[in-house]
Every structure is written in C-alpha cells, then in structure tokens.
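Heads up, the thing below is written out as structure tokens.
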Amino acid sequence: MLKLFLERFKRIPREPVPVPEPIEAPPTVSDCGHPDYHAVDGRNLDNYFEQVRQMCEPLANPFCYYEALLDEIARLPNLRIVTVRELARNSRPDSALVCLRHDIDSDPITALRIARHLARIGESGSFYLLHTAPYYAEPVSPGVVVRNPQLVEWIRGFIVSGCEVGLHCDAFGICQNWGMDGIGGVKAELAWLRSQGLALVGTVAHNSGPTYGAENYEIFSERVLWQRVVHTDSGLELPLGQVSMASLGIEYDGTFAVARDETNIYEAAAFFADTESADIRSESWMRRYLVENPACRWTIDAQCWLLGKDRWAIAGYSPGVPDFIWDAQLEDVIAFLAGLPAGSRVMMVTHPEYVSG
Amino acid sequence: MSEAYRQTATPREIRPFVLVGCARSGTTSLARILDGASNGHCAIEPVPNLNLESRQAIEGRLGDVDRLLSDTVLARLASSSEHQVYGEKNVTYGPFLDRIQALSKCRVVFMHRDGRDVVRSLINWHDRKFGTVYRECREPGTLAPSAISSAASLPVALDTSDFSRPRPARESPLGRRWEDLSRLEMCTYYWSVANHQYVCALEAIDRDSQTWVDYTRPDADAVLDVAAFLGLEGLDRQGVADMLARRINSLADRGESEAGGFPRWTDWNGRQRERFEALGRDTMRSLGYWDDEAARWRPRGYGEVWSKKAADLAWYEWMFDGRRRMHEDMLSWLQALEAKGEKIVSAMDFGCGLGVGYSEHLADKHYIGLDISEQNIEWCHQYRDNRRHTYYRLDMIADRPPETADLVFSSGTIDNTYDIDGFIEAMVSAANKWVYFTCYRGWFDRLESHTYRYNTDHACFYNDISVACVLQKLAALGCRDVEAMPLRTGNRDISFEARFIARVPARLPC
C-alpha cells in the first residue's frame, strides 16, 4: 500500500555509509584468470535508522499518541481488541471486534515498542515483517540474500511480547526489484521465521496493485483478482496464483481483500496501471482504493489507516456508517468506532514509523 | 518494620485456610506438602483464580469485590468441614486478602522468601521454561527452546498470569521509566509490591489467624509448625524433609536444566545489585532480610574460612613478599607525603592479617590493624608487642572501628569483600586525611560495574573492581585529590594491580 519504502530509501543520500547495491552482473574474470575482486561497504543499521527517522519525522506522531489511541479504544464498551488472525477466523462475532495490524515497512524498533506496550496492558496486536525491507535483508549477489542478524533478537522480542507475527508479503518485490524467485523467497522466509519459533499463519500483502500491476496476495491461487499475465519491468512474468495458501500453512491474508463478485477487468486494469495517482496521501486515490476499488472488495466492516500526524483515512462498509472519512483525527476515529453496530469487524492499520516520534 | 507472626499452637477450631505469597516463594511446594495431610486438602491455584481481577484491583478498576469473592474464593472455602480442612494456595490474593479473611474467617499462611532468590527464580522461570514473565520487558532473555515454544503458543491476551503481575501507573515516575527497565528490575518490583501488599493486608488480620513462613531455607520443622497451626494431621518429619529435598516446582522438578541460568545473587555485578536495591530495599528491610543494613550483601558463612583457619605466619610472609612492589609503593607514597609536610600520626590497615610488613615499617606510628579473623587478631595480640599498635577483630564493612586514623589503607583486601562500595565507605569514614588501597586482581578500566564472584568453598568473593565505579564512589563521598593508576607488579599472571588514593573530606567538628 505505501510507496515502496525501498525506493524511497534509495533516493536518500547514503553518506557516510552506503548501502550496497545488488551485484547485478555475474562475476567477471580478470586477465590473470581469477574472478574479479568485488567489495561493497557493509550496511550500517544505525545509519539506516537515522535515515528512517529523518524521512518519517514530518509524518510521525509521538509514541504517546499510540498509547492514547489504545486507551481510548479500551474505554469503548462492547469493543474487543483481537489479533488479525482472530478477526479472520471470527466472521460473526457477538461484540464488535477490532484488530491492530502493524505493517513493519521500515521501523522494527518502534514496532517492538508497540508490541511491548500492548503486552504491558495485556492486549493483542499483529505485526508483519517485510522481508524485502533493508532492516530485514539485502541481496548481495545474484540469487543470494543476506538477512540482518539482528532479526533474531527482534523476533525473540515479538515472541516474548505475545503478539501475533506474520509476513508482510512482497513476493512481487523480490521479482521486480531483486530479479529473483518471489514465491521461493516467500517460502524461504516463512520457513526461516517459523524456525525461529514463530507460530506464523498470516500474511499481509505489501504495497498495492499499482506498484507491480498486481496485489502481492495474488501469489495465492485462492486470491487472484482476475486472470491475467503481468510482467516485471525486465520482462519476467509475475507468479500470480502459483501457490495455495494452505500449502504454505497460511490461514489468512490480513488485507481482507477478495475478488469482486463481478470485476470489470478493464476498469481494474486501468486502476492498477495508474501509478501516477497512487498515493496514500491523496484523498481521491485513497477513496478509490478503500471504497471504490474496481479490483477487489473488503470482507471486514471498516478499516482505519493512520497516515501521518493525527491524520487518518477511515472506510466503512456497513449500512448506517460513513463510507469514507478523510483527514480524520483521533477523536473522529474513536467516534467512528463508538458508532459501529455490534458484530462489526474493524481493522486499524498502523505503520510503526508513524508513531516513532 | 512489620512484625512477623509464627503460630505453633494447635488451633481450637478447624477453619479453612489460604496460602499466599509472591510467585516463586515456595507456595506450590508447601501446598503440595500440606495436601498430604490425612484430614485436609490444599488446592493449587483453583480457578477462577482472580488473575485479571487482581491487577484490576491494584489499578483501582474493580467494582464489587465482595460479590466477586463470594462467587469464587469464598464459595470454595465454604466447603471446609470439621473432618476435612480445605485450603488453597494462590499468588494473586494480595488485594483481596483482608476481605477474604474477614468474610470467611479463614487462616492465612503468608510465605515469603529472600527477594534476590525470588528474582533469580523468576528470571530462570522465564528464560528456561515459559518466556512469559513481564512480556513487555526490553530484554527478551536468554531463552531455552522450551521457553520460546511456550511464549509463542500463549498470546498475551490469554496470558492472565503475566497480566496479573503489578505494573506502576503510567503517569508515575517509575511508570514513565518502566519500558526501559531490565527484567531483574521488573521482577524486583513485583516481589516488592506483592509482599508489601500482603504485609499491609495482614496488619488488618488478627494475629491468631495468620502465620508467616520464610521459605528462603525451608526446614521440616517450620512446615510441621504450619500444619499444626492449620490443624492438619498425618504429616511426618521425614516425609516432609524428603519432599523439601525434592525441591518441588523447581526448574529441575519441572524437567528443565538449571545449569547456566541467571546467576545467584552472590554473583550479581554491581549494577544488578544497585537495580535490586533501588526497588527492593524497603521490602527487604520490612521482611527482615536486611536488618543489618551494612551487611546486606554478606552471604551466610562469609569469612568463615579465615575464622577457622589457624594463623599462619609463613603464609602471610609469602603473600607479602609476592606483592612486595605494591607494599613498597604504599610506603614510598607515605614517605613522600610526609616529606611534603603532611603529618600522618596514625595508619589503619583494613585486612591486616598478621600485620606482616606494616607492623615493622610503621613501627613509629599508631598502627591499627583490623581483620575479620579472630585467630589472626589473637595472634597479633600475642606476638605483636609494639605499644603504639592496636588490633581489632571486626567486619570492616558492618562494624565501625572504635577509632579513626590519619591514613586508612588496605592492600588487596577489597578484592575479597562482599560489598566494594561498602568497603570504600568504611575506609573513608574511618579516615581523617587519606585513603590508599590496592586491588590485587588487576586493573579493570573497561568494566562498567564491579564483578562479584562468590566462592562457596572459600566463603569469600573474588571481585574484579571497576576503576570507573571506584572513582565515582570516591567522588560521591566527597573525596578530593583522587588518583587511580595501574601499578606494575612484575608478575606474569597479573601484570598490573589497581591503586587508588584519595584525600577524604574534612570532618565536621563534634
């Protein structure tokens, strides 16, 4: 959904410690017959986090903003906080359910802080690690990706905090940006994350349709929006519908987006092709994406997206509730949640960097 | 300080009982033992166990307590009869204890244990078994595979046990710092708050209805006293002793290895000690574990090795010769000081042993030798006959010397002490002008806190002393002209020792 963080990251000057670029060309051979010597500077995560901080500063709320949000939600009667997994499993709840989805595009440190705050107050949250983010891994040579060793400690932190952890799936990002096998990458990361002890059963598709011409959840055979062939910039075919969720041990995709009963494929294709308009800070595009999306519909009753400093987009899909509120503030979000009928299923979407101030 | 009650008389009437205490204080162990009585039953954490309500009550978010209790605990306690005593143990009844007792007239067994042992046990419980003790802690812990698996399979929203543990209010100063605290600090907070809560509740309960049990070093007699207090029959001393020896509900009893876990408190470093003290000191005092404040870090039996060992002149002479350069440094420094016009009339030696070397070199001064070993001091009294010299047997940290001296010095004794800061405080307190001390285990200028290692066989510590912490301590005590430097020993195993010199602050006139 967000602009691909990696792309933004690449635009930031990397002095003094540059992030190594993927070594695109195969190793060459020098005159003496030995392979050429290639050296790249190592990634410095301190430098990375400083860049994240600088980039997000104009958008970031103080952390107490998130605490206040949770305090306000806790005060709402008949609204129960659940994990995304529980929300996915519970299609007909007695009370209103709200899940707290956290897409960790760039800031696992703040994500952990959120998870720990939730543990302190005994509430559940769901966190999705983005396997193509610089904090997670980087490609170092054709077909080779190096995971950040700090991940292990972060994952331990998430496990101890008792939150749900899933994969922020970016299979198409692997294909498009790294020129590698996207499904193979997702399989490898699911296996690795589980080997760390995570009981991982959920994914959330990263980015949105316009980024790759397809939604990342469309790798799943059950979730293809309409039959088509999509290519990367370099002409590789994206692996749409090539694996079932069950075969990967995945119970749900936490976007809660599914194919429309009837899809106008021309309209849907045009929406995905319109990369110029795709901007989460554009009211018209967000309305189109969340409410009038020609490619998919949503199987929840509402979703609230934090987009910046006390700035939300809210979409409602139930009769009697507003279908779209733009530029909402915290009070508006709480008022919206308070007005939801019993049995509603609501998703709050937060990118931790937006509460990292 | 609250007074602890220990009831031993056989009760006149049979009543139900509750067995309460902070988690990892031995409540499960005692409950299992008492459950072996022929005329009673002790349930272990029967549900509903008020995990959620306990925290809500602490935070003032609970409504009708009496109704809650009547539907849960009181209904169970009412099943007690003249022939079958019913009791239950739980670790979350702190906020309700006075009401439970008032409404049921039950007896109360309050169990407590040295906070340092409880904190260690909680951390090992987390690291080795469950991974769920204060789940918000910034330190995930050194988790065993079973702990990772356990934590991963218990979502926080279902973890009522961890939820039940108290947290400070977010708006409080501690609440604001909470997310930065270590697990040791969080567990200390829990131990302290939980025990304080019990002690407060017990103040409102008549003495005949309560008994307190210190389970730090449990013995069969104490357990049988509890059984007698509750009117439980059929327990024999040997059977109880056997069950205690099994260490019920320890990690080993639960099938987990105890090797390599969180260190015993005798091996905590200076920072861990400080963190425990900051949050646990008041409760350690109120439960009587730190009655002797100055000796609060002295393990049982500390120094016995010196008390039992016969004075051995040859050994002390060998020791003196082995560190001759250090002793020469002290004497030449003293000479230089006096050459500059500073008058040093008296010199006190912290850890004098048999007075080897200094009793001769300081023959014309009022030399005061202090040592923890009774045998050493007796030997000195017998064989050191310089009338200017006196010798005292005392624990230099816990016992104030009967006089002060212009110079207080110590050569390689602080390395074996149980409280480095306490040792420095005692030296400064006894000095009129200067303190001088050397640390024989080395020069540790990169250590951020002192490292303590207790050797149970030797009954003494082997400490690595942080140069930075000593300097900080001397500054905090108001010392001036402070010097710290490595001294070359000429030995290959330890090539440098640490030497500290400081001028102590002027004393206020009496």
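Computed from the coordinates by the stated procedures, all read-outs in this text should not be read as laboratory data. Since we're looking at a predicted model, the values are computed, not measured. In this analysis, Cβ positions are derived from the backbone assuming ideal geometry, glycine residues included, and neighbour counts consider all displayed protein chains.
Quick one: Karplus J couplings for segment A:70-80, per residue in order, coefficients 6.51, -1.76, 1.60, θ = phi - 60°, nearest Hz, x for Gly and Pro?
Per residue, the Karplus-derived 3J(HN,Hα) values read 5, 4, 5, 5, 4, 7, 6, x, 6, 10, 10 Hz.
For a test of the definition: using alpha carbon positions, the gyration tensor, and the 1.5 limit on a/c, classify segment A:121-225 as rounded, prolate or oblate.
Taking the square roots of the gyration eigenvalues as a ≥ b ≥ c, segment A:121-225 is oblate.
Starting from the coordinates of the alpha-carbon atoms of the protein assembly as shown, obtain the Kirkwood hydrodynamic radius over all distinct pairs and give the value in Å to one decimal.
Every distinct Cα pair counted, the radius reaches 32.0 Å.
Using a/c under 1.5 as the rounded threshold, could you call segment A:66-106 rounded, prolate or oblate? The axes a ≥ b ≥ c are square roots of the C-alpha gyration tensor eigenvalues, and prolate needs a/b larger than b/c, oblate otherwise. Display every interim value, and only then the final one.
Working: a/c = 4.48, a/b = 1.12, b/c = 4.01.
Oblate, since a/c reaches 1.5 and b/c is not below a/b.
Can you list residues from other chains, or at least 5 along the same chain, whose modelled amide H is less than 5 Å from the amide H of B:Y392?
Result for B:Y392 returns B:G369, B:L370, B:D371.
Report Rg(Cα)/(2.2 N^0.38 Å) for chain B, keeping two decimals.
After normalising by residue count via 2.2 N^0.38 Å, the value is 1.16.
What translational diffusion coefficient, to the nearest whole µm²/s, does segment B:189-329 have by Stokes-Einstein, given a Kirkwood radius computed over alpha-carbon pairs, a temperature of 20 °C and 1.002 mPa s viscosity?
Rounded, D is 107 µm²/s.
Is the shape of segment B:1-159 best called rounded, prolate or oblate, per the rule: a/c under 1.5 gives rounded, else a/b larger than b/c gives prolate, else oblate, with a ≥ b ≥ c the square roots of the Cα gyration tensor eigenvalues?
Judged from the Cα gyration tensor, segment B:1-159 comes out prolate (a/c at least 1.5, a/b above b/c).
Which FRET efficiency value, to the nearest 0.05, is calculated for B:D445 and B:D282 with the Förster distance at 30 angstrom and r the Cβ-Cβ distance?
So the FRET efficiency works out to roughly 0.30.
Test of understanding: ordering B:M111, B:M485 by Cβ neighbours within 10 Å, fewest first, what list do you get?
B:M485, B:M111
Compare the Cα positions of B:S146, B:I397, B:G21 along the charge dipole of chain B (+1 at Cβ of Lys, Arg; -1 at Cβ of Asp, Glu; about the Cα centre) and return the one farthest towards the positive end.
B:S146
What is the Å³ per residue value for the convex hull set by the Cα atoms of segment B:76-225?
Each residue corresponds to 157 Å³ of Cα convex hull volume.
Taking H as built 1.01 Å from N, whose amide H comes closer than 5 Å to the amide H of A:A295, not counting residues under 5 places away?
Those lying under 5 Å, H to H, from A:A295: there are none.
Quick check of the Kirkwood formula: for chain A, what is the inverse mean of 1/r over all pairs of different Cα atoms, in Å?
Working: mean 1/r = 0.0475 Å⁻¹.
Computed over chain A, the radius equals 21.0 Å.
Order of B:S286, B:S307 from fewest to most other C-beta atoms within 10 Å?
Listing B:S286, B:S307 from fewest to most nearby Cβ atoms yields B:S307, B:S286.
List the residues whose amide H sits under 5 Å from the amide H of A:C169, counting only those 5 or more places along or on another chain, with H placed 1.01 Å from N in the peptide plane.
Residues meeting the criterion, in which the H sits 1.01 Å from N, are A:V204, A:A205, A:H206.
Take the eigenvalues of the Cα gyration tensor for segment A:169-236, scale each by 5, and report the square roots as semi-axes in whole Å, largest first.
So the three semi-axes of segment A:169-236 are 22, 14, 9 Å.
What is the local net charge at A:A328, summed over the other residues whose Cβ is closer than 11 Å to its Cβ (Lys, Arg +1; Asp, Glu -1)?
-3
Of the DSSP beta bridges with both residues in chain B, give the percent that are antiparallel, rounding to the nearest 5.
On the way: 16 of 54 bridges.
Of those bridges, close to 30 percent are antiparallel.
Tell me, B:R183, A:R147 in order of fewest to most beta-carbon neighbours within 10 Å?
A:R147, B:R183
At q = 0.16, 0.21 Å⁻¹, what is the log10 ratio I(q)/I(0) for segment A:229-328, with the Debye formula run over Cα points and no solvent?
One equal scatterer on each Cα of segment A:229-328 leads to -0.88, -1.24.
With a Förster radius of 41 Å, plug the Cβ-Cβ distance of B:R387 and B:N455 into 1/(1 + (r/R0)^6) and report the FRET value to the nearest 0.05.
The value I calculate is 0.60.
State the antiparallel share, in %, of DSSP beta bridges confined to the protein assembly as shown, rounding to the nearest 5.
Roughly 35 percent of the beta bridges in the protein assembly as shown run antiparallel, per DSSP.
Reported to two decimal places, what Rg/Rh ratio describes segment B:324-425 when computed on Cα atoms with Rh from the Kirkwood expression?
Rg divided by Rh gives 0.95.
Could you tell me the relative contact order of chain B? Use alpha-carbon pairs under 8 Å, at least six residues apart, and round to a whole percent. It would help to have the intermediate numbers written out before the result.
Working: 912 pairs, mean separation 67.0, N = 510.
Relative contact order comes out at 13 percent.
If you add up the charges near A:H168, with Lys and Arg at +1 and Asp and Glu at -1, over every other residue whose beta carbon is less than 12 angstrom from its beta carbon, what do you get?
Taking every other residue near A:H168 into account, the sum is -4.
Using +1 at the C-beta of Lys and Arg and -1 at the C-beta of Asp and Glu, which of A:S247, A:L76, B:N269 has the Cα lying farthest in the positive direction of the dipole of the protein assembly as shown?
Farthest towards the positive pole: B:N269.
Residue by residue through segment B:451-458, which ³J(HN,Hα) values in whole Hz follow from phi under the Karplus form 6.51 cos²θ - 1.76 cosθ + 1.60 (θ = phi - 60°), with glycine and proline marked x?
Calculated HN-Hα couplings, in order: 9, 10, 9, 9, 9, 5, 5, 7 Hz.
Pairs B:K309/B:K433; B:K340/B:K433; A:K187/A:K309; A:K187/B:K129: which are spaced more than 25 Å apart, C-alpha to C-alpha?
On the way: B:K309/B:K433 34 Å; B:K340/B:K433 14 Å; A:K187/A:K309 36 Å; A:K187/B:K129 30 Å.
From B:K309/B:K433; B:K340/B:K433; A:K187/A:K309; A:K187/B:K129, over 25 Å: B:K309/B:K433; A:K187/A:K309; A:K187/B:K129.
Considering only DSSP beta bridges with both partners in chain A, what is the antiparallel share in %, to the nearest 5? The partial results should precede the final answer.
Working: 18 of 47 bridges.
Bridges in chain A are about 40 percent antiparallel.
Show me, for segment A:92-109, the HN-Hα J-couplings you get by feeding each phi into the Karplus relation (A = 6.51, B = -1.76, C = 1.60, θ = phi - 60°), rounded to Hz, glycine and proline as x.
Those phi angles translate into 9, x, 6, 9, 6, 10, 10, 10, 10, 9, 10, 8, 8, 5, 9, 10, x, 5 Hz.
Once the other residues with Cβ under 12 Å from the Cβ of B:R480 are scored (Lys, Arg +1; Asp, Glu -1), what is the net sum?
On the way: positive: B:K433, B:R503; negative: B:D481, B:E483.
Here the charged neighbours net out to 0.
What translational diffusion coefficient, to the nearest whole µm²/s, does segment B:360-469 have by Stokes-Einstein, given a Kirkwood radius computed over alpha-carbon pairs, a temperature of 25 °C and 0.890 mPa s viscosity? Let's see the in-between values first.
Working: Rh = 15.1 Å.
D = 163 µm²/s.
Considering all alpha-carbon pairs of segment B:263-370, what whole percent are spaced by more than 16 angstrom? Mind dumping the intermediate values first?
On the way: 4167 of 5778 pairs.
For segment B:263-370, the fraction of Cα-Cα distances above 16 Å is 72 percent.
Defining a contact as two alpha carbons under 8 Å apart and six or more residues distant in sequence, what relative contact order in percent does chain A show?
For chain A, the relative contact order is 21 percent.
Pull out the extension gain between B:S38 and B:S153, defined as 0.36 nm times the separation in residues minus the alpha carbon to alpha carbon distance; nm, one decimal.
In short, 37.5 nm is gained.
Could you tell me how many cubic angstrom of Cα convex hull volume segment A:273-336 has per residue?
77 Å³
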